[in-house]
1. Mind telling me which of the residues VAL78, VAL64 ends up being touching a Lys or Arg at 6+ places or on another chain (Cβ under 6 Å) and either surrounded by fewer than 17 Cβ atoms within 10 Å (Cβ to Cβ) or not basic (Lys, Arg) (or both)?
2. Can you name the condition, by its number, that VAL176 falls short on among (1) without any contact (Cβ under 8 Å) to a residue 12 or more places away in the chain; (2) farther than 21 Å from ALA269 by Cα?
3. Go through (1) within 16 Å of ILE223 (Cα to Cα); (2) touching a Phe, Trp or Tyr at 6+ places or on another chain (Cβ under 6 Å); (3) surrounded by 17 or more Cβ atoms within 10 Å (Cβ to Cβ) one by one and return the number of the condition ASP137 breaks.
4. Are any residues in the range 113-154 touching a helix residue (DSSP H, G or I) at 6+ places or on another chain (Cβ under 7 Å), outside any helix (DSSP H, G or I) and either farther than 29 Å from GLY286 by Cα or without any contact (Cβ under 8 Å) to a residue 40 or more places away in the chain (or both), and if so, which ones?
5. Out of VAL173, VAL180, VAL215, VAL207, which single residue is within 16 Å of the chain's Cα centre (by Cα) and assigned to a helix (DSSP H, G or I)?
6. Being assigned to a helix (DSSP H, G or I), closer than 21 Å to LEU145 by Cβ and over 15 Å from the mean Cα position of the chain (by Cα), is that true of even one residue in the range 18-38?
Amino acid sequence: MTSRFVFWPALAGMFFLAAGLFAARKDVRGAVGLSKLIALACVLVAAPLAVFGAEHLGDARDLVPIVPAWMPLRLFWVYFVGIGLIAAAASLSFRKYVRLSSTLLAAMFFLFVSMIHIPNVVAHFRERIYWAVALRDLTFAAGSLALACAQNRKWPVHLSSIFMNSARVCIAVPLVVFAVEHFLHPEFAPGVPLGKLTPDWVPFPLVWAYLSGAVLLASGGCILLNKRARRAAAWVGMLMTVLTVFLYFPIFIMAHGTTESIVGINYVADTLLFGGAVLLLAQALGGDHPEKLPREASAAHEYSLG
């Protein structure tokens, strides 16, 4: 934890998590059941965005190779994205300019998918990790788009309906694919199925893998068919939050050396952001008290997507 590459991202994430929890305290207090977790959707997105933003600013030169080679001023774009992520984290934590930040976040993640991940998938078509990363960022984009739809009440109803349904499908499909990955490769750590094996200290690792796969499959199916989609999205958010707290955070804490710590904090932020993005869909689908979330709830009811 002495490395600046770990310290500043961790500090940024903790700061925006604490600030967001404080800002959302009234919404959480007024919610019931799973709605309490849904009320924290923006917070659970803001904290990992801050982690990634701080990483972009603190380790910019190592991230330059991610930027497409044909783009000019590649180092500039790393810093630009880092500042944008920090700004979005502040917006979501403090509930200021959310309409603007969510719209820009959706555009940014969709650009990542189209400019970085799709070319990587084409180049490494048989390697599942590239598919998983592409679908993960597609989920980030879709969650941001759902929040943007809920915030932009002046958009034409038919346009918002198209965007919301697109966001719902773009979240449901990765959930189903990730569920299949859990069943085919239960040896990997549950959540977003990347390349990390489940640590030896985790009890009943196969049970966690198959349970996670079952939750993702059932929830993805419900969201895809638009049947109890809001509750299904909330359960995915719950699963990812539990995995973040009880699996990936201990992995981060027990990491040895800077490299392992960076990997550990990235898994924490990745999993939390994935859960938060799905919770943004749950929030946008409505059902929250209109006085607590006036834009999100009223907009979602207008589009009759709940």
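1. Numbers: VAL78 fails: touching a Lys or Arg at 6+ places or on another chain (Cβ under 6 Å).
The match here is VAL64.
2. Against the list (1) without any contact (Cβ under 8 Å) to a residue 12 or more places away in the chain; (2) farther than 21 Å from ALA269 by Cα, VAL176 comes up short only on (1).
3. Of everything listed in (1) within 16 Å of ILE223 (Cα to Cα); (2) touching a Phe, Trp or Tyr at 6+ places or on another chain (Cβ under 6 Å); (3) surrounded by 17 or more Cβ atoms within 10 Å (Cβ to Cβ), ASP137 misses just condition (1).
4. HIS124
5. Testing whether each residue is within 16 Å of the chain's Cα centre (by Cα) and assigned to a helix (DSSP H, G or I) leaves just VAL173.
6. In the first step, residues of the range 18-38 are kept if they are assigned to a helix (DSSP H, G or I); the result is 18-23, 25-30, 34-38.
If we keep only those that are closer than 21 Å to LEU145 by Cβ as well, we get 20, 37-38.
Filter again for over 15 Å from the mean Cα position of the chain (by Cα), leaving 20.
For the range 18-38, residues assigned to a helix (DSSP H, G or I), closer than 21 Å to LEU145 by Cβ and over 15 Å from the mean Cα position of the chain (by Cα): present.
Conditions tested, residue by residue: (1) modelled with pLDDT under 95; (2) surrounded by fewer than 16 Cβ atoms within 10 Å (Cβ to Cβ); (3) assigned to a helix (DSSP H, G or I); (4) under 12 Å from the mean Cα position of the chain (by Cα).
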{"position": "THR241", "(1), (2), (3), (4)": "no, no, yes, yes"}
{"position": "LEU247", "(1), (2), (3), (4)": "no, no, yes, no"}
{"position": "ALA269", "(1), (2), (3), (4)": "no, no, yes, yes"}
{"position": "GLY276", "(1), (2), (3), (4)": "no, no, yes, yes"}
{"position": "GLY286", "(1), (2), (3), (4)": "yes, no, no, no"}
{"position": "GLU291", "(1), (2), (3), (4)": "yes, yes, no, no"}
{"position": "ALA299", "(1), (2), (3), (4)": "yes, no, yes, no"}
{"position": "SER304", "(1), (2), (3), (4)": "yes, yes, no, no"}
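The values are calculated or read from the model by the stated rules, or taken from the named source; none is laboratory data. Predicted model only: the values in this text are computed from it and were never measured. Cβ atoms come from the backbone with ideal geometry, glycine included; neighbour counts cover every protein chain shown.
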